[in-house]
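As structure tokens, the structure follows; a few thoughts come after it.
The values are calculated or read from the model by the stated rules, or taken from the named source; none is laboratory data. Here the structure is a predicted model, which is why all the values come from computation and not from measurement. Ideal geometry is used to build each Cβ from the backbone, glycine not excepted, and the neighbour counts take in all protein chains shown.
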Amino acid sequence: MSSLFDVQLFNSVIVTLLVIMNPPGAVPIFLALTGSLTHRQRLVAARRASLVALGVIAAFALFGQQLLTYLHISLPALQGAGGLLLLLVALQLLLGQESGVSSDAGVNVALVPLGTPILAGPGAIVATMLAVRQANGVGGFLAVAVALLAALAIVWLFLRFAGQVHRLLRDSGTMLVTRIAGLLLSAIAVQMVANSVRAFVTTGS
């Protein structure tokens, strides 16, 4: 079985992805962005966000390096773009304009910013791309694929039951969580941009 499945690589990838995507930390952001949606719409947004993240990470794992090379885009540039996008969303949350973010019955929210770059951010993308490089044979690639699926399944479970947290907090509590999420999200965005600038200065590209 060990020759068909790299258990060590599986454990490494799933732990890394869960730490980067931080499912518990995504719950307040998810609640803030979907506060105006119905319970059913929130479930749809959770499922679509998880599927979008899975698709984006898987696509970059397979074709990411070729795509970035073809477009002459560096990983720091991708990270900086994701940080700026998150900063715009964070400002909307802090200013109480989250209703504009969560329009179209959660479709926009599921795609951007939940699916990417919150879940499928530069960190998760790069980590998966590196794991694919380390994969040795069919067992290694299978381990990476299963780890990615398992990590996104765990993320979906957290988002799936975020509605129960919303009912517990009620509207006033959700508003408080929204402001806190906006503050945290802005800090994450600034850190992403700072890391991008540091990478540009270090590598010169």
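Please go through segment 158-186 and pick out each residue that is within 22 Å of the chain's Cα centre (by Cα) and free of Cβ contacts under 8 Å to residues at least 12 places away in the same chain. Of everything in segment 158-186, those that are within 22 Å of the chain's Cα centre (by Cα) and free of Cβ contacts under 8 Å to residues at least 12 places away in the same chain turn out to be Phe161, Gln164.
Residues are listed down the side, and each one gets a yes or a no for (1) of a type outside the set (D, E, K, R); (2) at pLDDT 85 or above; (3) surrounded by 20 or more Cβ atoms within 10 Å (Cβ to Cβ):
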| site | (1), (2), (3) |
| --- | --- |
| Asp104 | no, no, no |
| Ala120 | yes, yes, yes |
| Leu148 | yes, yes, yes |
| Leu157 | yes, yes, no |
| Gly163 | yes, no, no |
| His166 | yes, no, yes |
| Ser186 | yes, no, no |
| Ala189 | yes, no, yes |
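Of the candidates Leu86, Leu37, Leu17, Leu68, the single residue that is out of contact with any helix residue (DSSP H, G or I) (no Cβ under 6 Å at 6 or more places or on another chain) and among the aliphatic types (A, V, I, L, M) is Leu68. Of the residues making up segment 175-189, none is assigned to a helix (DSSP H, G or I), of a type in the set (Lys, Arg) and farther than 12 Å from Ala90 by Cβ.
Checking each residue in segment 136-146 for being at negative phi and either of a type outside the set (A, V, I, L, M) or buried (at least 19 other Cβ atoms within 10 Å of the Cβ) (or both) picks out Asn136, Gly139, Gly140, Phe141, Ala143, Val144. So which helices (runs of 4 or more DSSP H) are wholly in segment 1-86 and hold at least 2 residues that are among the polar types (S, T, N, Q)? Those helices (runs of 4 or more DSSP H) span 7-21, 39-71.
Per the listing Leu18, Leu51, Leu31, the residue uniquely within 29 Å of Ala199 (Cα to Cα) and either surrounded by 14 or more Cβ atoms within 10 Å (Cβ to Cβ) or modelled with pLDDT of 85 or more (or both) is Leu18. Figure legend. Inter-residue proximity from segment 75-90: first residues within 13 Å of Ala194 (Cα to Cα) and free of Cβ contacts under 8 Å to residues at least 24 places away in the same chain, second residues assigned to a helix (DSSP H, G or I) and hydrophobic (A, V, I, L, M, F, W, C), beta-carbon distance below 7 Å, spacing 6+ or different chains. No pairs are indicated. For segment 127-135, the criterion of a residue being part of a helix (DSSP H, G or I), in contact with an Asp or Glu (Cβ under 7 Å, 6 or more places away or on another chain) and of a type in the set (A, V, I, L, M) is satisfied by no position.
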